[in-house]
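Only one structure is covered here, and it is reproduced in the block below.
The values are calculated or read from the model by the stated rules, or taken from the named source; none is laboratory data. Because the structure is predicted, anything quoted here is derived from the model rather than measured. Here the Cβ positions follow ideal geometry from the backbone for every residue, glycine too, while neighbour counts run over all protein chains shown.
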Amino acid sequence: MDEVLSEIDRLHAEHHRYDLRLEELAGKPYLSAEEQLEEVKLKKLKLHAKDLITAIGQRSAVA
């Protein structure tokens with residue numbers, strides 16, 4: 001169970017890091033092509049982290 005909690009904590013930390021960087025990018029008046037690609041990638045990574053957190057939570061609730 002400790003492994004599950006540490007994995008959830010790690011995923012929450014990643015999700016938060018992605019969110020902070022996305023906020024930085026959103027605050028810019030203009031994004032370069034590289035920053036636009038980074039924004040898309042970060043949104044996908046953030047969603048993936050959230051999906052994993054949800055999946056782990058559901059698995060733990062069933063067990």
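Among the residues of region 20-34, count how many are assigned to a helix (DSSP H, G or I) and either loosely packed, with under 13 Cβ neighbours inside 10 Å or in contact with a strand residue (DSSP E or B) (Cβ under 9 Å, 6 or more places away or on another chain) (or both).
6
If the requirement is being loosely packed, with under 12 Cβ neighbours inside 10 Å and either in contact with a helix residue (DSSP H, G or I) (Cβ under 6 Å, 6 or more places away or on another chain) or at negative phi (or both), which of these qualifies: Ala55, Ala49?
Ala55
Sort through Val62, Val40, Val4 and tell me the only one that's β-branched (Val, Ile, Thr), surrounded by fewer than 11 Cβ atoms within 10 Å (Cβ to Cβ) and at pLDDT below 95.
Val62
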